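Below is one structure, written out as C-alpha cells; comments come after it.
The values are calculated or read from the model by the stated rules, or taken from the named source; none is laboratory data. These numbers were taken from a predicted model, which means no experiment stands behind them. Here the Cβ is made from the backbone with ideal geometry for all residues, glycine too, and neighbour counts use every protein chain on show.
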Amino acid sequence: MVFVHGQPRCSFGCKPDRPGYRVLQTAGENCRASSGNLQVFHPAIDAVAVRDYPAASSLAKPTRQGGSMCGRALLRGFIFLFLLMVLATVSGCQRQPGPQSGLRAIRAAAIAAHTRFLADDALEGRGTTTRGMLLAANYAAAQFEALGLEPGGEAGSYRQQVRFRRVWLEPEGSRLSWLNGGQHRNFRFGDEFVMRGHPLLEASEVTAPLVFAGFGVTAPERNYDDYASVDARGKVVVLLNGAPESFPSAVRAHYSASSTKLANAAAHGAVGILTIWTPSDEQRFPWAQLRRFSSRPSLHWHDREDRLNDVYPSLRGLAVLHPEAAAQLFAGAPSSLEKVFADARAGTLRGFDLPGQVRMRVRSRHESVECANVVAVLRGSDRRLREEYVVFSAHLDHEGIGAPLDGDAIYNGALDNASGSAVLLEIARAFAALEQPPRRSVLFLATTAEEEGLLGADYFAQHPTVPIAQIVANINLDAVPALVATRDFVALGAEHSTLGAVAEAAARELGLALSPDWAPEQAFFVRSDQYPFVRQGVPALFLIPGVQGAADGVDPRERLQHYLTTFYHTPKDDLQQPLDFEAAATVARLNFLIGYRIAQTEERPRWNPGDFFGEKFARTAR
C-alpha cells in the first residue's frame, strides 16, 4: 500500500488519470484485495501511480558541504521504501482466494425457486422415465450449462443414458399359499403380503419347504452367521427385516440392505425369500405405506453386457409378509413368531425348519425404457489434482403418479428430493462463483431412479464417466434439512473416514455443530445415493438434521419423524407443507464448504484404519 495525497491506494489499483499523478508501471498479475473502502478489481491495465515529484537535480540544491549527497541519499531511501511497500502490496494481493465468494453466492430464494419448479404439478412427480423426469433433467442440464460448467456425461453431453427393464407385477395372476398337511391357506394380496414382479421371467412359480434363517445375515467380521444352523438349499427362506441390534449402526445398515440379503440367500442355495415386516418396521414405515410403495413397478438397469443388476436366477419369488400373517407359519415350529421377536431383541436368535411348504406364483410383464443421469464438471485449478474429483449428488426423480390419497395422485416429492436437487444446483452456482476454482475438480451428479433402489447412482458408480479411482469423495443431498432450522447436523458416514474431520472443521467455521446419529435403526446411510459410492470404495457423507432446533422448544427429530410417517412417499410431500428455505441455505453452505475443503486439501480422504466399509470395499474397488 502506498499513500498518495494522504489517501491509501493499492499499487495496482489507483487510476492514472487523476490530476497530479503519472503512471510509473503497469501490473501484469491478477489482483483482488480490499483495505477499508478500497476495492481493487482488475489485472493487466491497472497502473501504479504516484504524485509528480521534482526531478532529483532540483532536490540536490548546492549547500556549503555535501548538500547534493544528502539529497541523493534521501531519494534512494524514498525509492527503497517505496519498493518495499509495492512488494508488500503485491504479496497481499496474490493471496490464495478462499471460499467466501461461493458462500455468499448461496441464496435461499434461489433454492426456493428451483424447488417450486421441480415440485410443481406440471412435472407430475418426476417418475423415472416419465415426461416430468425428462423436463427435470433438461432443467438441471440447462442450469449447469448456464453456469459455464463442462458437460460430464457421454459424448460431450450433460447426460449419461441408462437402459432399464421395468417389471410390473400382475396381481390377479400372482399367489402366495401355505400348505401344511391337509391345510391350504391363501394369503390376501395387499392386506397380508406384497410382492414384486420377477425381472427375468414373465411366469415364475415355486413350491418349496420353508426354513427360518433369522435376519439372513452372514457377517464373518462379526463372527455371525444366520445360515450356520440351517440348510437353505432348495428352500424358501423366511427372514426378519433388518439386522442384529448388536451390530454398529453402519454395519447393521449394510446387512439390512435388500441387495445384501438377496446375494446371501442365493449364495446359500435358496429358491425364494419371504421377509417378515417387524413391529419396529411398522413404527417407522407403516404397512399401508409399504403397500402403496409395492404397487409400483420395479426397475433394473442393464449393464454394457446386457445383464440386469441385483438379479439372481435361482430366486424364483420374493414377498413381504405382514406379521399377523407370518405368525401362522410358526404354528407348530420350535418357536412362535412372538418368541422370535423377543430372541431378536435379546440377541439369541437361531434358525430352524418351519412346517409345511409355500407356493409362490408370480406373473409379470416387462418393458424396456431409458432415462438419464445429468452430469457436469467444474475443472480444478491444480494441474495434478484436477484429475481427481469430488462428487456432489442428488436424485432428481420421485414417484410420479400413483395411488390417490385424499383425491391427489401426484407424488410431488418436494422435500424428497426437489429440495436436494435445488441445493445441488445452488452449490454448483457457488462453485462457479469462486474467484478461482478449487484444486481438485468437482463433479455434479443429478441422478435418476433413486426411488427405484438407488439405481441411477449405482449405475454411475459402476460405470462412471470419470475413472472411479479418481473419485475421492461423495457428498450426497437427499431430503435436505429444510423442515426446521437447526444448530447442528448429523454427518452420516463421518465416523468411517477422514471426511469426519473435514465436516467438523467446516461446521465450526460456520458456527454450527455435528452430532452423533440419533436414529441408527433407520439405516439412513444405506438408503440414499451415497451408498453405491461406498460400495465402490469411495468415502461419503450425507447430512441429516441434528437434535438442536434453532428456536427454543423445537425438536428437529420430531419434525423429521412426523414427516416420515405422514408425508414421506405420499402426495402430501408437496409445496403445501411448510419448508424453511433459509435452513436449506444453511445446509447448502455447510455442504459446499465441506466439498471445497476436500477439493483444496493435498491429501485425498482415507477410510479410517480398520473401518468396516474401508475393509469391505476399498481394496476391491481400486
When both residues are 6+ apart or on different chains and their Cβ atoms are under 7 Å apart, which pairs have a first residue that lies in the range 588-616 and is modelled with pLDDT of 95 or more, and a second that is part of a helix (DSSP H, G or I) and among the charged types (D, E, K, R)? ALA588/GLU426; LEU593/GLU509
Selection over the range 432-442 where residues are surrounded by fewer than 24 Cβ atoms within 10 Å (Cβ to Cβ) and either without any contact (Cβ under 8 Å) to a residue 60 or more places away in the chain or closer than 23 Å to SER157 by Cβ (or both) yields a count of 2
Kindly provide the set of residues from the range 591-605 that are surrounded by fewer than 21 Cβ atoms within 10 Å (Cβ to Cβ) and either hydroxyl-bearing (Ser, Thr, Tyr) or farther than 20 Å from GLY380 by Cα (or both), ordered by number. THR601
Given the conditions (1) part of a helix (DSSP H, G or I); (2) of a type in the set (S, T, N, Q); (3) surrounded by fewer than 20 Cβ atoms within 10 Å (Cβ to Cβ), report the number of the one that GLN577 does not fulfil. (1)
Run down ALA494, ALA507 and say which single residue is without any contact (Cβ under 8 Å) to a residue 60 or more places away in the chain and assigned by TED's automatic domain parsing to the domain that holds PRO151. ALA494
Answer yes or no as to whether HIS395 is in contact with a Ser or Thr (Cβ under 6 Å, 6 or more places away or on another chain) and outside the structural domain of PRO297 (by TED's automatic domain parsing). yes
Can you confirm whether the range 609-620 contains a residue that is within 18 Å of GLY493 (Cβ to Cβ) and either assigned by TED's automatic domain parsing to the domain that holds LEU118 or touching a Gly at 6+ places or on another chain (Cβ under 6 Å) (or both)? yes
Given the condition at pLDDT below 95, under 21 Å from LEU176 (Cβ atoms) and either assigned to a helix (DSSP H, G or I) or hydrophobic (A, V, I, L, M, F, W, C) (or both), answer yes or no: does some residue in the range 251-267 qualify? yes
Answer yes or no as to whether VAL554 is hydrophobic (A, V, I, L, M, F, W, C) and in a loop (DSSP other than H, G, I, E, B). yes
Where in the range 137-242 are there strands (runs of 3 or more DSSP E), lying wholly inside it, with at least 2 residues that are closer than 30 Å to PHE392 by Cα? 159-169
In the range 156-191, which residues are more than 25 Å from GLU367 (Cβ to Cβ), exposed (fewer than 14 other Cβ atoms within 10 Å of the Cβ) and charged (D, E, K, R)? ARG188, ASP191
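For (1) of a type in the set (Lys, Arg); (2) surrounded by fewer than 18 Cβ atoms within 10 Å (Cβ to Cβ); (3) assigned by TED's automatic domain parsing to the domain that holds PRO520; (4) under 25 Å from TYR459 (Cα atoms), each residue gets a yes or a no:
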{"site": "ALA266", "(1), (2), (3), (4)": "no, yes, no, yes"}
{"site": "ARG296", "(1), (2), (3), (4)": "yes, no, no, yes"}
{"site": "GLU305", "(1), (2), (3), (4)": "no, yes, no, yes"}
{"site": "SER314", "(1), (2), (3), (4)": "no, yes, no, yes"}
{"site": "SER336", "(1), (2), (3), (4)": "no, yes, no, no"}
{"site": "ARG345", "(1), (2), (3), (4)": "yes, yes, no, no"}
{"site": "LEU349", "(1), (2), (3), (4)": "no, no, no, no"}
{"site": "VAL358", "(1), (2), (3), (4)": "no, no, no, no"}
{"site": "ARG361", "(1), (2), (3), (4)": "yes, yes, no, no"}
Please give the number of the condition GLU221 fails out of (1) in contact with a His (Cβ under 8 Å, 6 or more places away or on another chain); (2) surrounded by fewer than 18 Cβ atoms within 10 Å (Cβ to Cβ). (1)
Within the range 508-551, count every residue that is within 15 Å of the chain's Cα centre (by Cα) and assigned to a helix (DSSP H, G or I). 9
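Okay, residues lined up against (1) at pLDDT 95 or above; (2) surrounded by 15 or more Cβ atoms within 10 Å (Cβ to Cβ); (3) out of contact with any strand residue (DSSP E or B) (no Cβ under 9 Å at 6 or more places or on another chain); (4) closer than 22 Å to PRO437 by Cβ:
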residue	(1), (2), (3), (4)
GLN96	no, no, yes, yes
PRO99	yes, yes, yes, yes
ALA109	yes, no, yes, no
GLY125	yes, yes, no, no
ARG131	yes, no, yes, no
LEU135	yes, yes, yes, no
Can you tell me which condition GLU495 does not meet? The list is (1) touching a strand residue (DSSP E or B) at 6+ places or on another chain (Cβ under 9 Å); (2) in a helix (DSSP H, G or I), and all the others hold. (1)
Going through ARG196, ARG185 one at a time, which residue ends up being of a type in the set (Lys, Arg), under 35 Å from the mean Cα position of the chain (by Cα) and assigned by TED's automatic domain parsing to the domain that holds GLY332? ARG196
